[in-house]
Structures are given as structure tokens and as C-alpha cells.
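The values are calculated or read from the model by the stated rules, or taken from the named source; none is laboratory data. This structure is a prediction, so every number in the text was calculated from the model and none was measured. These accessible areas exclude ligands, DNA and RNA; they are computed on the full protein's heavy atoms, side chains included. Shrake-Rupley method; radii C 1.70, N 1.55, O 1.52, S 1.80 Å.
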Amino acid sequence: MTGAQNSRRVAYETLRAVHESDAYANLLLPKLIDRAGLTTADAGLATELAYGTLRREGTYDAVIEIAADRGVHDIDPAVLDALRLGVHQLLSTRVASHAAVNESVELARGAAGRGAAGFANAVLRRVSRDTPGDWMMRVADSARSDDERLGLLFSHPVWVVRAFRRALAAEGRAEELEALLTADNASPRVTMAALPGLAEIPDDARRTPYSPLGFRSEGGDPESVIRGSGGRVRVQDEGSQLAALALTRAFPIATGERWLDLCAGPGGKTAVLAAEALAHGAVLEANEISPARAGLVRQAIAGVPLDVDVSEQDGRARTAEHPDTYDRILVDAPCTGLGALRRRPEARWRKSPADVPDLTELQRELLSSALGALKPGGVVAYVTCSPHLAETSGVVAEVMREWGAAVEELSAREAVTAASLTDPGLLPQADGSGRAQLWPHRHNTDAMSITLLRRR
């Protein structure tokens, strides 16, 4: 089997695990690449095939339905994944058409036999006869509304398209919707963070425009830099770096402050907080309800010479046990994850509008309980990797109504700007809040929402 064939097999196995077992592509794919012994070039091909297919799955399903003249739900799932992989190669890569068709047909044959191979061959040859532009026109013509058209062309569920439009409209920028959807389908550059006071940004690296901790390697294997740092350099989105810095640099740190990272897993922001606490003589505690994710937190902070107690409790119970205790609390709340679709492409297909009410109730309870655990004058940073207004401004508005005059909002936009190397140009929100919203298409970060609340 050639290297390219191995790459396709690894990509196909990733797709099958994502759809069959709810696997996470970013966790599984590196293991499969390692197991297959792929070269760097072949690993890059496998990554592009797997991630690219997952990102554009909605569009490819629409193409397959037209070419096959049947709904995707009527196609054997294993054969469907082979078709998706083939359509991605035909419409979005430079892979030769005959290789894309033949290899995908063989995957279908191995999964479901000769009949499936014949069906896959017919569908993919039908797709290969026309240009990507022709297929996009057919897909657009099949839509019943403008939102559905955008969802099909940019491969986002319609409810996500609508949520993004409302979030952009809150900044007066609804016209940027297509730019945002396009950014979600682009492969993000690997961004790293050098923990403050513990690691230096390499001389040959390119600094990120906003976070003073961030950089991107101009070449070579970033893993070698990470391994050689002893845990003091890590892969981390620039938006996540800024979210942690907004809390630590919102105002000067006093020696002996006590901090809490309430929903800490998997620990990237915890590591930044730990380095900042070490540099300023603060005490940091962390909490993560999932034992497996709590283990990841302990790994993430292993390179910081600071004793950080990591508890494994429901965040609401953890804060209830420690009222009026902390000077700063980070609530990086569980959310839909709609802001990280570049890096977790399958997430767009796993959430639905029905998930939002339960998540917002949990977010509201976590934020309110965190306020109760603050000392007077203490600050909580409420962070979501989602721009959905129900999860961001909606939750904050409810909690502020609940707490009334006992809580005031600080300007997270000012805090993020002050922590940044250059002005990120964060836009005011229609609700008049101080919330900071980062965007993939504007800032090349995840769509991170940051709110700062001070307890009076």
C-alpha cells in the first residue's frame, strides 16, 4: 500500500470513528497516524483529508444526494463516509480524479462489498464529470431559503448560521457572516504560548499580533519545541491566551491573592494562570468535575513550579463550600463550542438548538455561584468558546439581574486591549455591555467571548 493509500485509510478510519463512536478527530487522528507510521507528508495528507471532509460534510452530503438521487440517510454509513472522502478529494483538493474515485471505491468495497463498490463508483464518476463551481450552483439551487443556502454552501447547520448572524448583528456587522463561515472552514495555523516568566518566544518564531505569550513556528516540528520546554511552551489558541490574561491583568495583582479556575479542563488557561500566579505571588486552585480532564489539568501545569490544588467537584458545589474567598475566578464554562469549529470540525454536527437551554442554565448557575465565592472587590471572568448570544450576553444579563447592585460589570474589551500587543479593535455590543468578542475572520482566533464581573 502506498503512502497516499495509507493516508486515505487513516482519514477514512477517523471519519468512521467520529460518526460511529462520537470520537474526537483531534484526539484520534494523531494516534492513527502514529500507528500507521506515516511520514510527515503523508500525515499532512491524512489530516487534510479527515479534517477537510468533516468541515465540508454538509456540502458534500448535498452533492451526494444530487449525484445519487437518494437521501444520505438511505446510504450505508460506511459507504457514505467513503463517498464523502471521495467528494472532498474531487471538489476541494488537487488529488487526481482517478485516484480519488478508485481509492474511495475500494474503501466502499472493503466496508460493504461489491454492490457498494459499484454504487460508489457510479456516484463519484457522476461527481467527477462536472466542476466544483457547477456542483455549488446545483447545491445552492436546492436550498429553500437564504439561510439554508448559506448552510449548504458553507457547511454549517442552519441554526448555527442564524446564531452567528445574530451575534454579528449585535456588533452591527451582520454583513460579515459569509467571511465568518469561510473562516470556520479554513485550516487554522498552529499557535503556541510561552508561559509568562517561564519560557521565551524563540528568536526564529513569528509573534502573534495580540497575545504577548503567543507565537507561530516558521518551520520545523512544533512538537520538538514543546517537548524541549518541559511543559512551559504549549499549543494554545491566541483567544484562549487572551481570555486568561484578561482576568490576571484587568487590574494590578496584590501579593497573596487567591484565585480559582472553576472549570479547568483540559488546563490550557490554567497553565497561563499558574504562571501569572507564580510571577506575582498569588495562590491558584483549580477544579474540574471530570476525573479524566482533571488529569489533563495536572499534566498542563506540570511545567509550572507552583503548588496548585486540583479538585474534582461540580463547580457549583465547589464554590458553595468557599463563600467570600477568592480574588479572581475564571469560569470557562461548558458551552456549545461554536467558536472553535475550525479546530473541532465535527462539533458543528453534534450540537442542536435543543442543547442550548440546558447549557445556558448550567452556565448561569456556575457564574452565579462563582460570584458568591468572590471576596468583595473580587472579579470573575466568564468565558465561552461560543459567540451564541444566549450563552454570552443572555447568561450575563440573567445573572446581573439576579445579583442586582451587588455586582458591576467591568470592560472586558478594555482589559483584553490592555493585555494585547496591538489593538484588536473589539467592537461595542448592542446591549451596551463591556463584553469582548473575538472572531476567527477578524482576529484569526477562536470566537471567544469574555465578560468581567466585579462583586461589590
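For the stretch 298-396, the gyration tensor built on C-alpha atoms gives an oblate shape. Its axis ratio a/c (a ≥ b ≥ c) is at least 1.5, and a/b is not larger than b/c. Taking Arg298, Arg343, Arg35, Arg207 and ordering them by how much accessible surface each has at a 1.4 Å probe, largest first, produces Arg35, Arg207, Arg298, Arg343.
Counting only C-alpha contacts under 8 Å and six or more residues apart, can you give the relative contact order of the stretch 119-162 as a whole percent? Relative contact order of the stretch 119-162: 23 percent.
Scalar couplings 3J(HN,Hα) for the stretch 43-51, obtained by applying the Karplus form with A = 6.51, B = -1.76, C = 1.60 to θ = phi - 60°, are 5, x, 5, 4, 5, 4, 5, 5, 5 Hz; x denotes Gly and Pro. What the Cα convex hull of the stretch 142-299 gives, in volume per residue, is 166 Å³. Residues Glu409, Glu402, Glu20, Glu288, sorted by accessible area with the largest first, give Glu20, Glu402, Glu409, Glu288 [1.4 Å probe; ligands and nucleic acids excluded]. Sorting Leu306, Leu27 on solvent-accessible area from highest to lowest, probe radius 1.4 Å, gives Leu27, Leu306.
In the chain, what % of DSSP beta bridges are antiparallel (nearest 5)? The partial results should precede the final answer.
Values: 19 of 35 bridges.
Around 55 percent of the beta bridges assigned by DSSP in the chain are antiparallel ones.
Sum -39500 (n - 2.57) across every DSSP H segment of at least 4 residues in the chain, then divide by the residue count to get the 222 nm mean residue ellipticity, nearest 500.
Numbers: 20 runs with 231 residues, N = 456.
Value at 222 nm, helices only: -15500 deg cm²/dmol.
Computed from Cα atoms, the angle from the helix 97-112 axis to the main principal axis of the chain rounds to 80 degrees.
Across the chain, the mean sequence separation of Cα contacts (distance under 8 Å, 6 or more residues apart), normalised by length, yields a relative contact order of 13 percent.
Counting only heavy atoms of protein chains, what accessible area per residue, in Å², does the chain have with a probe of 1.4 Å? The partial results should precede the final answer.
Numbers: 18420 Å² over 456 residues.
Per residue, the chain has an accessible area of 40 Å².
Ligands, DNA and RNA excluded, the heavy atoms of Leu213 present near 10 Å² of accessible surface to a 1.4 Å solvent probe.
Expressed as a whole percent, the accessible surface of the stretch 274-411 that belongs to carbon and sulfur atoms is 55, based on a 1.4 Å probe. The convex hull defined by the C-alpha atoms of the chain has an orientation-averaged projected area of 21.5 nm².
Helix 132-141 and the long axis of the chain differ in direction by around 70°, with both axes built from C-alpha atoms. Could you check how much of the accessible area of the stretch 1-146 is carbon and sulfur, as a whole percent, using a 1.4 Å probe? Looking at the stretch 1-146 in its full context, I get 49 percent from C and S.
Rounded, prolate or oblate: which fits the stretch 352-456, taking a ≥ b ≥ c as square roots of the Cα gyration tensor eigenvalues, rounded meaning a/c under 1.5, else prolate when a/b beats b/c? Verdict is oblate for the stretch 352-456.
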